[in-house]
Structures are given as structure tokens and as C-alpha cells.
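Throughout, read-outs are computed from the coordinates displayed, never taken from laboratory work. Everything numeric here is computed off the predicted structure, so don't read it as measured data. Cβ placement follows ideal geometry from the backbone for every residue including glycine, while neighbour counts extend to all protein chains displayed.
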Amino acid sequence: MSRPGAASATSKGLRLARKAWQLLHQDSARSVDLARQALQEALSHDDAQGQAWARLAIGYHLLYFGTPAEARVELSAAQSQFERLDEQPGFILAGTGLARCLWREGRFAASLELVLPLREPGLQVLQHEQRGVLLNTIAGCYSAQGRSEQAFAYMYQALRDSGPTHGRGFDAVLYCNLAHELQQIGDYHEALRYLDQGISRCHELSNPRLLSVLLVNRIICLTELDRAQEAMLDVLQVRSLPTGPSGRGTMATGFETLAIAALRAGELQAGRELLELAQAALRADIPDEQVELAIASALLEGQQGRWAQALQALDHVLPLVGADDADAAEGLSLRVRCMYFLLRSEIHEQLGDAAQALVHMRIWQQLHVARAHLASRARYQAAALQTELMRLQHKLDEQASQRRRSERAKAELEAANAQLSNKIVEVQTLQSALKEQAVRDALTGLFNRRYLDEALPAALALAQREHQALAVAIIDLDHFKAVNDRYGHGTGDTLLAAFGRLLASHCRKSDIACRYGGEEFCLLLPRTDAATAQRKVSHLLALWRQQRFEIDGDALRGLSFSAGISDSIRAPLSAQMLLQAADRQLLAAKQRGRSRVLALGTEEAPH
């Protein structure tokens, strides 16, 4: 006999609500639409179970795209209904969501206190991504408390339960969180590997919020590895995603992180704009976000030579950072504290206060050591997450038990540990090399066509959003086949490499130079119209004509190229149209006798 208000197994409201939950991470917009339909249907038919599941899906959606206060209303209502229905899985998931509300408000200890009692019953009644949601929340609480070893253990268990087959997109969330935890212990190369997996998985999903968080984490990794310029492509892509319920949500938009990357890359104007967005964004009391905002402010002041104001910006959050662990705010990560004190030391050095610079450098060193110890304790769990290294980790586990009984086992464990460390270095080195090879042309050192295909749509989207021009230039070296035929392909390669160096040395940091294919090259020039780009490329043509090459006693000089230029004002609809318009101008330049630069909608440049 069914309980009053319970739904039949075939009720429309319940079916829609369960479908909404399944799509929560796969298609966020479709999920919340279905959940709202389910709630209306369930309310009209006094369907308590349908209402509970619909509110649960809406509550979790608001956790990602709204505020904790908004999410708490729906999750509390759902939990009360699940309790009356005696439906334990829904009750546990609603409680887990309420714990996440506390977490997002910066109340990390209270969040763990609420969710930890749900672990044992949850492991008994939840499956797949539902179990992953519970375990991942517990992991996040431990992570916020700096307890990476426990965080990794729960994340690993969550990933086993929520893989691509059964995870319904939640595996991408776990890739993101695993990468975040690896950042906290300073393992940025391994974090990038998980982020690349998560971003690749996001291409199969429709969840802009999740994609933006993955990209923000990749920006953090690249910036910490002194590769902030590489991160600018991700910065452009994140900025092209709208805030609000249809895009990146209204909370934790990460603009302060983007501002730090832009300023570290030397992009002063972009950094200033991002900092203004960060200051205007809706935010919770998350210590990392508040300190990163101060760091971005200090970097901006410092890049303008205002070092005293930079120090004042850091002083505002000094009570949060603290000089030692006891003074630091709950939930403030070692990564951000390290970043804070390193910058503070650099500012004191600029101000000529060597004593204070040394004091803060020593604090940074102490934090760095603490971070290394944290990484050491967490390495077991972090390594276990790597499929290729799982066999070695299991072997280490066996040897660890033998070590307690004999000295011989201890020696074997040390040997296996060295093997594991070497393997980690090999994997990280290979990953770094493969990633660089994937986007770089080996001969010229410029980006390749694959990178251009990724960079151009993002750069065009940003240009259109900011109502700025983006110029595209396609350059073709004149009579290159004749050079190859007369002097050989080795000479041709020499010319290509020299032209690559010419482009690289005369491009702004925001410009993107690519080898388009063969003897063709492509330039992306942000905030540049066709006429300005024409003048720049004409200057490159003049420089190329001055080049001289000695080939077997023969002087090769007077080289030239033909170029075609378009911009997003005159060809605004798509990246493909931009390239086609530039290509047509290139063809016209060749037909008019080569050695010239033609731009869409402008007069021919003198040559």
C-alpha cells in the first residue's frame, strides 16, 4: 500500500525529475528545465516524490549556477519531503547538498560535520554518480582543511564509482577536483593531465559552468609554471562564456585568477579589466578568492610602478593570511599563501626594504616546505589515481607490510619507490613534450595549424563581445618552390626558420603567429583593424626584403612575400569567413605580381 502523496512508479513528474538529475552534469540547461517542469507536474498531481526529486535537482543546479542561500531553500524542502517519504537515497543526497551550501559559504568544518555521518548509510544505498557526489563532497571538505591525503582517498573512490560509463558526466567534475588537489600540493604537471582529460570530456557535455572551472584551473597551473602567456588562450575562452544561469553561474566566477594570469603575462589592460570584473562579482567568504583578489590588485599596482600601493593592497588581507598556520583563515590554501608571501617579498625588494623582503621570503620558504610535506603525505593517493602506475603502487603496498618484518623488505620498498619516482618523472616529461609538440611547429618554433584552429574562434568571440577588431593576415613566401628547386630543401628550411624568427621577434605578446602550412603563415592580431594590420605586415615585408643568406658562396637576397588581410569588422560572422576573406586578398596580391600586402576594404600598401 503506497504512502499518501507518494508517486506511482510511472508518474510523469517523477520521471521528469529523475531525468533532470541524470542530466545535471551532462546538460545543465536541459536539466533545470526538466526539473522545473517536473515540479509543476508534481505539484498539480500532489506527487510528493516527484516534488522531492525535482527540488533536489533544482537545488543542485543552484549550487553551481546560483547562490548557497537559493540552493538551501530547495534542498531543505527536498530533504523534508524525502524524510516524510522515508526515501533514504534522496534524503542523503539532499543532506550532501546542504553540506555543500556550508562549504560554499566558507564554513568548512560545519560542512564536514554535516556530511560525514551520511557516509556509511550513503555507501549502502547510493550507486554510481550519486555515491560519487557524496564522496566528492567529503573530499572537498578535507581539501579545504588542507588534508590532501584524505581528500585524494575519497576522490579516488568517487572516480571508481562515477567513471565515464556510469558517471553521467560527473567524472569530468572529479577530473577537475583531482587537478585542484594536485595544485594544492604543487604537482602542476599531473594536474594538467587531469584537466586535459576533463576538458576533453566536457566536449561531450553541455555544461559551460563545468568547462569554465576546468579552464580556470588550467590557467592556475600554467601561471604557476611561469607559462602565463600560454594561459591567455584559456583566459579568452573563459571570458567568452557568459555569467548567469546560462553560462558560468553568478558565484565564484574566477575573474581574480584570470586577472593574475593576464598580469603575469604582461597584459596590463586585460588584467585591469579582469580585476574590475572580479571586484564587481558576487562572492562568498572564500578565503582563497579574497586573497587572490588582493594579489591581483597588488600586481596591477606594481606593474604601474606604484609599489607602496601594491603593499597596501596586500595589507588588507594580511589578517586572513597570517604569518603561521594558527593565524591563517580556515580554508586558505597553502598554494595561495605561498603566492601571497612571495609577492610580498618581491614588493619589499622593489621598495628597497631588504630586511622585510628577507622576512617574507623565509615565510614563503617555510610554507613551501610545509607544502612539500603535504605532497609527500598525499603522494600515495595521488599516484594511485594514475592507471599506468597502479601496479607499482600495489607493489609498494605489499612491500610496506613486509618492511615491518624485515630489513630486506625495506630495501625492496626503497627500490620500488625510486622506480615509481622515475616513472612519474618520465610520464610528466613525456606529457609536457607531447603537449608542446601538439601545438608547435618544430621547424619555425611558431604555433601550428591545430593551435590556430583552437585559438581563432576564441579570439573572434572575445573581439565580438568587446566590439573590437581582430585582424587575420595570411602570408605566402614568394617563389619558394624555385628556391627549393635551385638550392635544395635544406635551404628552404633555413628560410622558413628565419621567417619564423622574424615573425616571433616582431609580434606583440597578444599576437598569435602560426605556420599555416608549407610556406604559408598566419597572424592573429587582436584589437587591430585591417588597415593597421596592413601597415604592420608591410613593415615585415620590408624587413624580409633586407634579409641576406649565404648559400654555397651565392648570396640570396631581395626575398619577398605576398599577404592578404581581413578583419572581424569586415568579415564578422565566423572564423572561417575571416580566413577565406584573407585568403582571397592573398590570391589577389599574387595575381597583381606578388611582393605586396592587400587588405580587405583598404587601398593597396606601397611596395
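Name the shape class, rounded, prolate or oblate, that the alpha-carbon gyration tensor gives for the stretch 275-352, where a ≥ b ≥ c are the square roots of its eigenvalues, rounded holds for a/c under 1.5, and otherwise prolate holds if a/b is larger than b/c and oblate otherwise. Note, shape of the stretch 275-352 comes out oblate.
Across q = 0.15, 0.26, 0.30, 0.32 Å⁻¹, the stretch 48-99 modelled as identical point scatterers on its alpha-carbon atoms has Debye log10 I(q)/I(0) values of -0.30, -0.85, -1.09, -1.20, in the order of the q list.
Going by a ≥ b ≥ c, the root eigenvalues of the Cα gyration tensor, does the stretch 169-265 fall in the rounded group (a/c under 1.5), the prolate group (a/b larger than b/c) or the oblate group? In terms of gyration-tensor shape, oblate.
Highest first, please rank the peptides 77-89, 479-491, 333-345 by the mean number of other Cβ atoms sitting within 10 Å of their residues. List each step's numbers first, then the result.
Values: 77-89: 18.5, 479-491: 13.9, 333-345: 21.9.
Answer by packing, highest mean first, reads 333-345, 77-89, 479-491.
Nearest 0.05, what FRET efficiency do Ala555 and Glu466 give at R0 = 45 Å with Cβ-Cβ as r? According to the calculation, E is roughly 0.45. From largest to smallest, the equivalent ellipsoid semi-axes obtained for the stretch 1-141 from the alpha-carbon gyration tensor read 24, 17, 13 Å.
Counting only aspartates and glutamates at least 8 places from Lys410 when in the same chain, those with an alpha carbon closer than 18 Å to its own are Asp397, Glu398. Distance between the 7 Å Cα→Cβ label points at His489 and Gln546: 3.3 nm. Decide, for the stretch 73-137, between rounded, prolate and oblate: order the square roots of the alpha carbon gyration tensor eigenvalues as a ≥ b ≥ c, take rounded if a/c falls under 1.5, and otherwise choose prolate if a/b is larger than b/c, else oblate. Verdict is oblate for the stretch 73-137. Per q in 0.11 1/Å, what log10 I(q)/I(0) does a Debye calculation on the alpha-carbon atoms of the chain return? Computed log10 I(q)/I(0) values: -1.12.
Using alpha carbons only, the radius of gyration of the stretch 449-599 set against its Kirkwood radius gives Rg/Rh = 0.99. I'd like the distance separating the alpha-carbon centroids of the stretch 117-195 and the stretch 478-497, in whole Å. Computed from Cα coordinates, the inter-centre distance equals 54 Å. Gain on full extension, evaluated as 0.36 nm per residue between Gln279 and Glu83 minus their Cα-Cα distance, stands at 66.4 nm.
Counting every alpha-carbon pair across the stretch 541-607, the share separated by more than 21 Å comes to 37%.
Could you sort out which of Lys423/Lys509; Lys481/Lys590; Lys536/Lys590 sit more than 24 Å apart by Cα distance in this structure? Intermediate values should be presented prior to the final figure.
Numbers: Lys423/Lys509 36 Å; Lys481/Lys590 14 Å; Lys536/Lys590 19 Å.
Long pairs (Cα-Cα over 24 Å): Lys423/Lys509.
Past the 15 angstrom mark, what percentage of all C-alpha to C-alpha distances in the stretch 184-223 do you count?
Values: 273 of 780 pairs.
Cα-Cα pairs of the stretch 184-223 separated by over 15 Å account for 35 percent.
Within the stretch 552-591, the proportion of C-alpha pairs whose separation exceeds 16 Å stands at 49%. With contacts taken as Cα pairs under 8 Å at a separation of at least 6 residues, the stretch 509-607 carries a relative contact order of 25 percent. Across the chain, the relative contact order, built from alpha-carbon pairs under 8 Å that are at least six residues apart, equals 8 percent. Of interest is the spacing of the C-alpha centroids, which for the stretch 34-100 and the stretch 506-553 amounts to 58 Å.
Please state the relative contact order of the stretch 67-168 as a whole percent: Cα pairs under 8 Å, 6+ residues apart? Before the final figure, lay out the partial values.
Working: 121 pairs, mean separation 22.4, N = 102.
22 percent.
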